[in-house]
1. Does residue B:133 satisfy the criteria of being within 12 Å of chain A (Cβ to nearest Cβ) and either open to solvent by 10 Å² or more (accessible area, probe 1.4 Å) or not hydroxyl-bearing (Ser, Thr, Tyr) (or both)?
2. Within segment B:188-207, work out how many residues are under 16 Å from residue B:22 (Cα atoms), open to solvent by 10 Å² or more (accessible area, probe 1.4 Å) and either without any contact (Cβ under 8 Å) to a residue 12 or more places away in the chain or not in a loop (DSSP other than H, G, I, E, B) (or both).
3. For segment B:140-161, which residues satisfy the criterion of being touching a helix residue (DSSP H, G or I) at 6+ places or on another chain (Cβ under 9 Å) and either of a type in the set (Asp, Glu) or assigned to a helix (DSSP H, G or I) (or both)?
4. Taking the criterion of being of a type in the set (Val, Ile, Thr), crowded, with 20+ Cβ neighbours inside 10 Å and farther than 23 Å from residue B:61 by Cα, would at least one residue in segment B:208-215 satisfy it?
5. Do you know which of the residues in segment A:242-260 that are within 14 Å of chain B (Cβ to nearest Cβ) and closer than 14 Å to residue A:174 by Cβ is modelled with the lowest pLDDT?
6. I'd like to check something: does segment A:180-198 contain any residue that is open to solvent by 10 Å² or more (accessible area, probe 1.4 Å) and more than 16 Å from the chain's Cα centre (by Cα)?
7. Can you tell me which of (1) at pLDDT below 90; (2) part of a loop (DSSP other than H, G, I, E, B) is the one residue A:177 doesn't meet?
8. Here are some residues: B:114, B:169. Which one is charged (D, E, K, R) and away from every other protein chain (no Cβ under 14 Å)?
Amino acid sequence: MTRWIAKRPRLSRAVFAVSTVLILFIILGIARQTGAIDPLLWSFLEAPLLSGARNTVMFSLIIIPLGLLIGFSVGWARFSRHPIISWPATVYVDFVRGVPPLVMILFSYFWLPLVIGNLESGLPFAVMALAIHTSAYQAEIFRAGFQSVPRGQIEAGQAVGLSKGQVMASVILPQTFRVTLPALGNEFALVIKDSSLLAIVGAMDLVYWGRQIEQFTLNYGVIEWVMAIWIIVALIYFVITYLVTQTVGAIEGSFRVPGLGSVAF
Amino acid sequence: MLKGVDLEVKQGDVLVVAGPSGSGKSTLLRCINLLVTPDKGKIFLEGVQVNAPEIRVEWVRQNIVMVFQQFNLFAHLTALQNVALGPRKVLGKSREEAEAAGRELLERVGLGQKTDAYPAELSGGQQQRVAIARAVAMSPKVILFDEPTSALDPEFIKEVLDAITQLAKDGMTMIVVSHEMSFAKSVATRVVFMDDGNILEEGTPDEVLVHPKHERTKAFVAKILK
């Protein structure tokens, strides 16, 4: 990392996050040992939920970077002063923000493969749809970040001879991250949770397996079990999302500039 | 809006541009370093026409640098990093070289103790002096000052004017848009009075400010000196 990063990420925050997650695991373990969660139920849950969690994480790891890439580019296009570049970007953002992600998933999963001629699996298209969805929101986040840099500094950069690219890299971008990271952390959490929509088209993620086990255990007729399943699923989502948002929060600390903006803690 | 300006500045000149608001002083300055593109006309630096389309605008701006009324320091960089950024990215100097030179420059403007301070931690006068150091760091041929003290609290004006005066003594060619008439009288080698997009009067500080010829110049000087 270059020298303009003010401080290293604060250690205390990372410690806090990791210890929270550890405590959750310990609670789960205790619940399982003491029988608060029926060991029989647990035996049903373990393998599928782990597989589902893995898939959820995998989907997120695909969707978030893709969304970042597209979102950054589109956000930059929105920021451009040339209508030829900014106008299509605006149309993209407005349109994508207006369509529910579930609709985009259903459309992509069932109908896009027919059009494009790939009849094998609609799942990649559905995943792509979610990437497009988040990219529109990220585009707006980045655009706001670019616009938050005072115009005078851009002029000052140019006035010492920096090229447009250098102004972007050395003046605009570092200050953009300071503003965009909190909002991006938000968006990442949303992506992780929205990935649950893929279960509707049969992706075998956490929610999918939650439903499978739920259907299965209904045969046993124990209502508490069904509740337990969803509580555990929620907890797993929480852990994944929490780790991501805390990481982003820690990185935020690196971009703080002494004297600028108020510091919460 | 400029209506027609003919101006020649010699090396080592300290040219003060005075005039009422809207007379085009800032626009003139911004045409010179091409922050504003002139619709018509030619601008020359040492015989090279700088507003010719084939000339790299970045080259022009490293030789004709500007200090702004609002300082416009890079908020995410320390004072030293602000000063060193241009030399590193544009002049290709190494970080050590640029920072060593930067430290020296900050010393010269009296901020040797503040090299690691961020702009938000500095007073207006200190920020402007960093901006001046940042400009000088590029070893430019000309420095343009766009009302450098107009945004400052009165207590800080002197320290900034002192820094500019020192630059003048060191022989830097400067064009200063300013309302500080006593500064103009003591430091300027030439003064230009602008009104409504035109240059009305041109001459030594004595000629323009003490014995102005035009009515409007007289009126302006009278108002400023009150």
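1. Spelling it out, residue B:133 is indeed within 12 Å of chain A (Cβ to nearest Cβ) and either open to solvent by 10 Å² or more (accessible area, probe 1.4 Å) or not hydroxyl-bearing (Ser, Thr, Tyr) (or both).
2. Final tally of qualifying residues: 4.
3. Scanning segment B:140-161 gives B:146, B:147, B:153, B:155, B:156, B:157, B:158, B:159, B:160, B:161.
4. The answer is yes; a qualifying residue exists.
5. A:260
6. No, that holds for no residue.
7. (2)
8. B:169
The values are calculated or read from the model by the stated rules, or taken from the named source; none is laboratory data. Here the structure is a predicted model, which means the values were calculated and not measured. Quick reminder, even Gly has a Cβ in these numbers, built from the backbone with ideal geometry, and neighbours come from all protein chains shown. Note: areas computed on protein heavy atoms with side chains; ligands, DNA, RNA excluded. Shrake-Rupley method; radii C 1.70, N 1.55, O 1.52, S 1.80 Å.
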